[in-house]
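Here's the structure we're looking at; comments come further down.
The values are calculated or read from the model by the stated rules, or taken from the named source; none is laboratory data. All values derive from a computational prediction rather than experimental measurement. Because the Cβ atoms are built from the backbone with ideal geometry, glycine has one as well, and the counts that use them run over all protein chains shown.
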Amino acid sequence: MRMTQGCFSFLPDLTDEQIAAQVQYCLDKGWAVNIEFTDDPHPRNTYWEMWGLPMFDLRDAAGIMKELADCRRVYGDRYVRISGFDSSHGWESVRISFIVNRPREEPGFRLDRQESVGRNIRYSTHAYAATRPEGERYADQ
Amino acid sequence: MTQTQEQIRETPLETVDLRHEFADLGIGAVLDQLDSELIGLKPVKTRIREIASLLLVERIRQKMALATTFPTLHMSFTGNPGTGKTTVALRMAGILHRLGFVRRGHVISVTRDDLVGQYIGHTAPKTKEILKKAMGGVLFIDEAYYLYRPENERDYGQEAIEILLQVMEQQREDLVVILAGYGDRMEKFFQSNPGFRSRIAHHIDFPDYSDAELLWIAELMLQQQNYRFSPEAREAFIRYIAARKVQPLFSNARSIRNALDRIRLRQANRIVAKLDRTLSADDVMSIEAGDVLASRVFTKGAGAAGEGR
Ligand SMILES: Nc1ncnc2c1ncn2[C@@H]1O[C@H](COP(=O)(O)OP(=O)(O)OP(=O)(O)O)[C@@H](O)[C@H]1O
Ligand SMILES: [Mg+2]
């Protein structure tokens, strides 16, 4: 099941040219650009790891595309996303975030229903990939 | 559908209107500005015009689908201190930007300390950080020969050099590198680093300025700051140039700029010394002979130390 998170995720995967154009947009706006990766696809997973430091004071997307290529070389079997952080007063938050790399096979999620008091039902989503230890989740691809 | 659109876009042009192309890019204006704002530097200006023409033709060839590879644009600027290398590098970035050979046209100016780290594992991230900043523009490396320290075989400069060489080769479309430094030392640097020499397409040598050119530069600088020499002060400054030139640490136009800064200081002192009067614009713009002649350059003989006061 194809994971959808952040901007553009209902579109076909962005090409590198399209990614570079988005990154350039972020830089032109003065946002700090980050590359993050994870192998836990849960939508509430906020603990993505950073590839290097946030990148700011850059003029051109080429340097970030180079970092992305390096990140893919190491973590090509995981999810990688790019985000743009706006530090200006009043915003101080992530303005854009989109996926730029995903595992070749995405086994998707199991939905657990737990019957609780009354007729209430509690739902939880469980990523099949997450049953395996971190770092080995998509390793055999 | 997109296929046909792409085909249309990629159809090579058969003819190009040269004048139109030239005017469209506005490089004429940049070159004229270079001529009028920089005194002297004849060989440099000629070389830059040549490079601009080459790139203009290259651009047209690309439009006609004739060019096969992206041209190598890395350059080396050699010349004595204060001969305008940094100034010209900034202009060069503008020209390359207008011609479309760099995407943004900014200049990141660095020296060894910005690229080379202090301990193992420090250099690569430092160099890469600078390269990322320079992407889309020009990376200007002043006194490039300090990157290479043959006397210390474990010097981290070598690591920076290797990263630079790789990027200069593989990301020619993303970044233009300009190396600058004094002629003889650059020559030695290239001898021990043939990788650099082979990646550099244009070597430009900056000559020293003549006395007359230095005077012009002084007058241009004063004019830009709304000052002017009185006739006697001008005469005095001609003598100042002759005296300063033979003293140590003379650095061409920069020495002129420094001298003018001190002259303005003395002028201000002279004016403020007499408080009981009204001043005209002429009074505060005018540099008098005394402001120039008070320089220590006149009292020291040739061979005395430093940037004289
Ligand atoms: N031809 C010129 N006309 C007018 N001003 C000039 C000219 N050449 C240099 N200058 C001025 O002289 C100063 C020094 O020039 P610049 O910094 O470009 O020299 P440089 O060759 O880079 O020196 P260094 O080797 O010491 O770094 C600058 O302020 C610049 O504006
Ligand atoms: Mg300089």
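Points to keep in mind about this one:
- Criterion violated by B:GLY121 - all others in (1) assigned to a loop (DSSP other than H, G, I, E, B); (2) surrounded by fewer than 15 Cβ atoms within 10 Å (Cβ to Cβ); (3) modelled with pLDDT under 90 satisfied: (3)
- Among the residues listed as B:PHE70, B:PHE22, the single one being within 14 Å of chain A (Cβ to nearest Cβ), over 17 Å from B:ASP205 (Cα atoms) and either more than 16 Å from ligand 1 (Cβ to nearest atom) or in a strand (DSSP E or B) (or both): B:PHE70
- Odd one out for B:LEU139 among (1) of a type outside the set (Asp, Glu); (2) closer than 14 Å to B:HIS74 by Cβ; (3) surrounded by 22 or more Cβ atoms within 10 Å (Cβ to Cβ); (4) in contact (Cβ under 8 Å) with a residue 40 or more places away in the chain: (4)
- Whichever residue in the stretch B:73-107 is hydrophobic (A, V, I, L, M, F, W, C) and over 21 Å from B:GLY26 (Cα atoms) and, among such residues, is nearest to the other protein chains (Cβ to nearest Cβ): B:MET75
- Residue that is within 16 Å of ligand 2 (Cβ to nearest atom) and either surrounded by fewer than 19 Cβ atoms within 10 Å (Cβ to Cβ) or of a type in the set (A, V, I, L, M, F, W, C) (or both), where the choices are B:ARG228, B:ARG254, B:ARG234: B:ARG254
- Index of the failed condition, B:TYR156 passing every other in (1) within 14 Å of chain A (Cβ to nearest Cβ); (2) buried (at least 22 other Cβ atoms within 10 Å of the Cβ); (3) at negative phi: (1)
- The single residue among B:THR78, B:THR83 that is assigned by TED's automatic domain parsing to the domain that holds B:PRO12, within 16 Å of ligand 1 (Cβ to nearest atom), at pLDDT 90 or above and part of a loop (DSSP other than H, G, I, E, B) turns out to be B:THR83.
- The one condition in (1) within 14 Å of chain A (Cβ to nearest Cβ); (2) within 16 Å of ligand 1 (Cβ to nearest atom); (3) in contact with a strand residue (DSSP E or B) (Cβ under 8 Å, 6 or more places away or on another chain) that B:GLU143 fails to fulfil: (1)
- Among the residues of the stretch A:68-100, those identified as within 14 Å of chain B (Cβ to nearest Cβ) and crowded, with 20+ Cβ neighbours inside 10 Å are A:LEU68, A:CYS71.
- Members of the stretch A:8-30 that are buried (at least 16 other Cβ atoms within 10 Å of the Cβ) and not β-branched (Val, Ile, Thr): A:PHE8, A:SER9, A:LEU14, A:ALA20, A:GLN22, A:GLN24, A:CYS26, A:LEU27
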